[in-house]
Amino acid sequence: MRQVIAWARGLAVAASLAAAGAGAAETLVPWTRGDTPPLVLRKPSGEAVDLASLRGKVVLVNFWATWCAPCVEEMPALARLRARLAARGFEVLAVNQGEMPARVSAFVDRAGLDLAVVLDRDKAVAKAWQVRALPTTFVVDASGRIRLYAVGELDTGPALEAAIVPLLPRERPVTAAR
Amino acid sequence: MHRRDFLRLAGLSTSGLVLPAAVTNAFAQSPADRWRTFEVTTRVEVLQPAGRTRVWLPTPLTVDTPYQKSLGSTFRAEGGEGRAMSDPAWGLGVVWAQWEEGARPVLTMVSRFATRDIAVDLSRPGTVRGDRAELARYLEATEYLPTDGIVRKTAMDITKGARDDVAKARAIYDWICESTSRNPRTRGCGTGDIKYMLESGNLSGKCADLNALYVGLARAAGLPARDVYGIRVAKSAHGYKSLGAGTENITKAQHCRAEVFLTGHGWVPVDPADVRKVILEEPPGNLPMGDEKVVKARERLFGSWEMNWLAYNFAHDVDLPGATKGKVAFLMYPQCETGEGRLDCLDPDNFKYQITAREI
């Protein structure tokens, strides 16, 4: 029921692709709906990214599209969060939904986003991750397990960082993945 | 929709002619029937082919209806191999082609069809009886149109107290007109995940959402119903700027409608999504439900369609022949797969494709 309430607040629906309403931003809540599905996708450059290879880091997996207004709104904040926490073992994977590489690359360049963007061209990964609306965000812990998620535009205020920091690995990795 | 259900009509190296079996007398109608004939040309040029590239295009309905007769399609797959397939059970015709690595994939399809406005007089008792097996197909759930759970409960609530099928169909139509909204920011025509719409309470969208909601609710209420996927080809002659194609370039004019089968009357055209389009888009915009234009559209679009529109098919969960990336919820836009995945069918400029229409 929590999920239904979240949906009702107004978000970009993956199915009908509705624009976000004026509802309150979403906070991350515990994930209880199963194991972490595989996520192996390519960047617009063609480089492959496998979520499993990021084991040891906390990864925020954000499903988004360029036409999704709340997605576009929250992405700069996600990039800033990554910049603050990358050295402590944090990464962001921005999983674009079904758009053409040229359009995605142009958007990322124009927005100047320092994020790892990958292309879910067939939306098969979104389906496996039970994504039914955009944006949808997951937080995967260092062991590869989904711990938190949110449907709709994230509250990118202090609460977001506060939810992620306790999950960060104690041992700091040397570099970020990007 | 299973691949094995397709009837292969032709297997041609680069070009071909697709003729539905039932096409016969489209031009034999008298002028009084007001049949109009259109030619629609779809040209796809895949800008970024990779590995084996495949393209699929919907043809006009392969079964004749009181409002449309296909006059056939021709196609040419330059440098590749083209085929045409159909599944009469869903009126589905597909022209598809494939190219090997290194080719420049260009597919052009030219379709002709005859069309005329349709109106069903629901005030008179009729004698139409449907084929039970055919109608059973239009009561089934699809991936995005479940007929149980919240869909069934909503349908039962809406139709509670309705005396007969016409009253049920009308109650659902009125509910869609009054409870939903057209969202101009919805991409394409939407995708029609009606369970999600009802669970979220977000009842906004476009035709593939709102009319799919009609179809799903009707099926859940026991009324055979179907989405009819298509594209607008000409201006409206009834003064509705929002309900027609303004130019010969109809690349982004896709529109789906709905039909409900009412015993005695047969398939009855409805289009509550276009009522919401009139409300949102007819000048000056955001018209009240009591505006004369809205009232007229709402009355007209339960039982009649203006046929400035081409119907493609009734199919859901379409298993594209030769596809490797799964089914599509419906086939209303050109589709393409390359070695790097499925292309975004709602991005004609980067895909790339163009669709034009002209009356002949």
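The values are calculated or read from the model by the stated rules, or taken from the named source; none is laboratory data. Worth saying up front: this structure is predicted, and the values here are computed from it rather than measured. Reconstructed Cβ throughout: ideal geometry from the backbone, glycine too, with neighbour counts over all protein chains shown. Just the protein is used for accessible areas: all its heavy atoms, side chains included, with ligands, DNA and RNA removed. Shrake-Rupley method; radii C 1.70, N 1.55, O 1.52, S 1.80 Å.
Values for this structure:
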quantity: Tilt relative to chain B, helix B:149-159 - C-alpha long axis, 0 to 90 degrees, to 10; calculated: 50 degrees
quantity: Accessible area in the full protein assembly, largest first, 1.4 Å probe, for A:W64, B:W96, B:W175; calculated: B:W175, B:W96, A:W64
quantity: Size of the B/A contact, given as accessible area buried on both chains, probe 1.4 Å, in Å²; calculated: 2300 Å²
quantity: Prolate/oblate/rounded label for segment B:58-161 (Cα gyration tensor, a/c 1.5); calculated: oblate
quantity: Complex-versus-alone comparison for segment B:343-360, residues with a loss of 40 Å² or more in accessible area, probe 1.4 Å; calculated: B:D344, B:D347, B:N350
quantity: For segment B:173-220, residues shielded by at least 20 square angstrom of accessible area compared with the chain on its own, probe 1.4 Å; calculated: B:N183, B:R185, B:T186, B:R187, B:T191, B:D193, B:Y196, B:E199, B:S200, B:N202
quantity: Accessible surface of chain B [probe 1.4 Å, protein heavy atoms]: carbon and sulfur percent; calculated: 48 percent
quantity: Qualifying aspartates and glutamates (Cα of each under 12 Å from Cα of B:K153; at least 8 residues distant if same chain); calculated: B:E199
quantity: At R0 = 45 Å, FRET efficiency that the Cβ-Cβ distance of B:K296 and B:E340 yields, to 0.05; calculated: 0.40
quantity: Relative contact order, percent, segment B:210-346 [alpha-carbon distance under 8 Å, six or more residues apart]; calculated: 24 percent
quantity: Set B:K168/B:K206; A:K127/B:K160; A:K57/B:K325; B:K206/B:K327; A:K127/B:K206; A:K127/B:K195 screened for pairs whose C-alpha atoms are more than 25 Å apart; calculated: A:K127/B:K160; A:K57/B:K325
quantity: Residues losing 30 Å² or more accessible surface upon assembly, segment A:40-75, compared with the chain by itself, 1.4 Å; calculated: A:W67
quantity: Residues of type lysines that B:K293 reaches as a straight line, Cα spacing below 18 Å, ignoring anything fewer than 8 places off in the same chain; calculated: B:K235, B:K241, B:K277
quantity: Overall form of chain B per C-alpha gyration tensor (a/c, 1.5; a/b vs b/c); calculated: prolate
quantity: Inter-centroid distance (Cα atoms) of segment A:97-122 relative to segment A:53-81, Å; calculated: 11 Å
quantity: Restricting segment A:30-93 to trypsin sites (Lys or Arg not before Pro) in coil, as DSSP defines it, with at most 15 other Cβ within 10 Å; calculated: A:R33, A:R55
quantity: Per residue solvent-accessible surface (Å²) - the protein assembly as shown, probe of 1.4 Å; calculated: 41 Å²
quantity: Global form of segment B:174-285, assessed from the alpha-carbon gyration tensor, a/c cut-off 1.5; calculated: oblate
quantity: Rounded tilt (10° steps) of B:165-179 against the dominant C-alpha axis of chain B; calculated: 80 degrees
